[in-house]
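The values are calculated or read from the model by the stated rules, or taken from the named source; none is laboratory data. As the structure is a computational prediction, the values presented were derived from the model and not from experiment. Every residue, glycine among them, receives a Cβ derived from its backbone with ideal geometry; neighbour counts consider all protein chains shown. Surface areas here come from the heavy atoms of the whole protein model, side chains and all, with no ligands, DNA or RNA. Shrake-Rupley method; radii C 1.70, N 1.55, O 1.52, S 1.80 Å.
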Amino acid sequence: MSSLVVTLAACSGSPQAPVAEDSCVAAGVTGSEVRVGVVYTDSGVLSAAFSPSRAGFEARLAVENEKGGVNGRQIVAQWRDDEGSPARNLAVSRDLVENYDAFAILESSASTSGAAKYLADENIPIIGISAEEVWTAYRNMFAFGYLTTKGSSVDTFGRFVKEHGGTRALVIGPTTRLTGTDLNSQLVVSLRTTGVQVDEANPVVEFLPGVTSAARLAQRMVAENIDTVVTGGSAADIVEVISAARQAGVQLKVVLAATAPDAALLEQHGQSLAGLTFFEPFTPFELDSPALDAYHEAMALHAPETTDPNQTTALAAYINADMFIRGLQEAGPCPTRKSFIDGLRGVHDYTAGGLVPTTDFEADFGQLRECYAFVRVAASGRSFEVVDPNYCGSRLAA
């Protein structure tokens, strides 16, 4: 759909002079298009969580292309499945860069660590979900929020627990090999800072669903007067514990998880999960929001095969695609990978049109957010309700 000549004054130095299409050509860029590689997990054990992301990517890119693209260039995507494998992630990312000439990579995977160093060495922009610590290591990697970070914690979670009556917390993790950089450790710091007690000797308790005894853990909660359960994992990681604790008579004031229960878990364990709260770094689906209306409209129009657009990874992918578009806009009419990275890092007021709290891609790089939406499972166990759409704390000193 390109014309033979594109007027790009910034490339020529003259506001009047027409510029030939090839005068602004860079890696992955021509006068009529920008090529982007999309790497997501569409097969393997994690595919159920990540496969909805393709619809989110497609919807946001399609909306922009319908408006004419960015600076007259259509965004053309090439898709790859990394199968949830770091080795495969590296292989498909290398293929997209070296054979497809991708300008940038959009990611929806928990295996980005496989290609991270290669893409950083090649100075390839990456935009995606920060599911691994590696997202805090390279400045070519962009995320709108971090759950695994080397940065300092925030008091947000501890303040929320304390304000809702929590005094003694059990923090549950899926493994005993925990470092100071994982979310569970950050949650421990947040709780202790605000006066919520956490076991000194064993601050994060290992629990493996189907392996560890939930009943035994419930008895410990009775003995230690635990009134709060917190996990940096998902609701699925603690549902057995919550059920056993309630059967043992534990009066839980707060149950807090990092991610929401999915529809299947809610269908199976809804009553056990009633009151469970989770936190989200974006506008919750339960709110009336013009930004969410735009998202739903885009999904209905450009991803009609998606029966449930209210899936976290689909919305996150939509936001990530929007970040890519913003980066192209900031890179100017003759974008290069370097100008993209420098331009997007220089954005200090990003909101994805109202889908995320204000984000400073420089100051917030690698840091936990101070503000989240807190949402809980309703008393019926069948739906969600917003506790606070924008609950904020403060960043703690390192």
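Miscellaneous remarks
- Projecting the Cα atoms of Val386, Ala91, Ser213 onto the dipole axis of the chain, where Lys and Arg carry +1 and Asp and Glu carry -1 at the beta carbon, places Ser213 farthest toward the positive end.
- Its Cα gyration tensor gives segment 43-172 an equivalent ellipsoid, and the semi-axes of that ellipsoid, as √(5λ) in whole Å with the largest first, are 32, 19, 15.
- Accessible surface ranking that places the most exposed of Arg80, Arg382, Arg192, Arg369 first, with a 1.4 angstrom probe: Arg382, Arg192, Arg80, Arg369
- Note on segment 210-350: Kirkwood radius taken over Cα pairs, Stokes-Einstein applied at 37 °C and 0.692 mPa s, translational D equal to 179 µm² s⁻¹.
- Within segment 46-77: backbone nitrogen closer than 12 Å to the Arg94 label point (7 Å, Cα to C-beta): none
- Computed magnitude of the charge dipole of segment 131-232 (debye, nearest 20; Cβ of K, R +1, Cβ of D, E -1): 60
- Portion, in percent, of the accessible area of segment 228-342 that falls on carbon or sulfur, probe 1.4 Å: 49
- Nearby lysines by direct alpha-carbon distance to Lys117 (threshold 20 angstrom, same-chain neighbours under 8 apart not counted): Lys150, Lys338
- Under 5 Å between amide hydrogens, built in the peptide plane, is the criterion, and for Val34 it picks out Gln74, Ile75, Val76 among residues at least 5 positions away or on other chains.
- Rough spin-label spacing in nm, given labels placed 7 Å along Cα→Cβ, for Thr167 and Ala379: 2.4
- Only Lys, Arg (+1) and Asp, Glu (-1) charged, at Cβ; the chain dipole about Cα centre in debye: 820
- Cα gyration tensor shape for segment 267-398, rounded if a/c is under 1.5, else prolate or oblate: oblate
- Among beta bridges from DSSP that stay inside segment 25-120, the antiparallel ones total about 20%.
- Whichever lysines have a C-alpha closer than 24 Å to that of Lys253, once near sequence neighbours (fewer than 8 apart) are set aside: Lys162
- Where labels lie 7 Å past Cα in the beta-carbon direction, separation of Asp288 and Ala397 in nm: 4.5
- Where labels lie 7 Å past Cα in the beta-carbon direction, separation of Asp199 and Ala263 in nm: 3.8
- Taking a ≥ b ≥ c as the square roots of the eigenvalues of the alpha-carbon gyration tensor, segment 168-285 is classed rounded because a/c is under 1.5.
- Helix 53-66 axis, angle to the chain major axis (alpha carbon atoms, nearest 10°): 30
- Expressed in units of 2.2 N^0.38 Å, where N is the residue count, the Cα radius of gyration of segment 87-160 is 1.23.
- DSSP bridge orientation in the chain - percent antiparallel, rounded to nearest 5: 35
- Three-way shape call for the chain based on the alpha-carbon gyration tensor, with the a/c threshold at 1.5: prolate
- Cβ-based charge dipole, the chain, positive-most Cα from Ala274, Ala77, Ala291: Ala274
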